[in-house]
1. Within region 195-222, how many residues turn out to be exposed (fewer than 15 other Cβ atoms within 10 Å of the Cβ), more than 15 Å from the chain's Cα centre (by Cα) and at pLDDT 95 or above?
2. Spot the failing condition for residue 190; the list is (1) under 30 Å from residue 69 (Cβ atoms); (2) modelled with pLDDT of 95 or more; (3) part of a loop (DSSP other than H, G, I, E, B); (4) out of contact with any helix residue (DSSP H, G or I) (no Cβ under 7 Å at 6 or more places or on another chain), and only one is missed.
3. Does residue 265 fit the bill of being touching a helix residue (DSSP H, G or I) at 6+ places or on another chain (Cβ under 8 Å) and at pLDDT below 95?
4. Given 50, 57, which one is at pLDDT 95 or above and surrounded by 18 or more Cβ atoms within 10 Å (Cβ to Cβ)?
5. For region 1-96, please list each of the helices (runs of 4 or more DSSP H) lying entirely inside it that holds at least 1 residues being more than 19 Å from residue 168 (Cα to Cα) and in contact with a helix residue (DSSP H, G or I) (Cβ under 9 Å, 6 or more places away or on another chain).
6. Under the condition of being assigned to a loop (DSSP other than H, G, I, E, B) and free of Cβ contacts under 8 Å to residues at least 40 places away in the same chain, which residue from region 145-181 is surrounded by the most Cβ atoms within 10 Å (Cβ to Cβ)?
7. Against the condition over 18 Å from residue 204 (Cβ atoms) and either surrounded by fewer than 19 Cβ atoms within 10 Å (Cβ to Cβ) or touching a residue at least 40 places away in the same chain (Cβ under 8 Å) (or both), how does residue 141 come out, does it pass?
8. Scan region 243-265 and report the pairs whose first residue is at positive phi and whose second residue is at pLDDT 95 or above, with Cβ atoms within less than 7 Å and a gap of 6+ or a chain change.
């Protein structure tokens, strides 16, 4: 029986009118009619501070990226927007029914599907037979040129793509992700698409050519300001970039960061 998407969920802040308008226009253009907005968690939501206080978030040192106590990584501490991004996805996964036959397309609100993407995806899904009860299908890679047309049949590969902009999970996979969530030690995309996806009980793969990208990661193609790390796409974003802190160099420095985030009194 052909696999059919149960629904499409777009993770988006309630007050982000610009991005939501983009989704409405873009989805109308590509013919994606059935979707709903899922309320994203803000960086200043009390749940973010709680996650830092109760030990859910891995603290520095060491660097959460390379694991070293001292390093040159540009972002060596998990910051509130990264934690908020995590919680946005976790709350969505928890809301989905634990049904292996129900497949869900999950997108971020700056997603851009390439021309021809949905037709190729539909053709692939109609012929797809899951190899396990839990399924993760990566469709995107952040920061890529949104222009190329998808004009060839899709192939499943084991390329690890940071696919938070657009991916498919079935209900059994969503339930597994919700159960597996515990301590935040990585960014959400690394955890989902590299760490968890390596589990042999999961049918995890990337469809290529990639069907989608985002419009905030790469400054060359950005239409929106990044909610996590500013890229300097306009004057206000450059001002935010100048004061943006995403690394610590000492215990005192990290304590100051936690205090500025409202984690410490």
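1. Number of matching residues: 4.
2. (3)
3. Taking the combined requirement at face value, the residue satisfies it.
4. None of the other options fit; the residue is 57.
5. 46-53, 80-95
6. Looking at the filtered set, the residue picked out is 162.
7. No; evaluated as a whole, the condition is false for this residue.
8. Pairs found: 262/49.
The values are calculated or read from the model by the stated rules, or taken from the named source; none is laboratory data. Just so we're clear, the structure is a prediction, and the values are computed from it rather than from any experiment. Because the Cβ atoms are built from the backbone with ideal geometry, glycine has one as well, and the counts that use them run over all protein chains shown.
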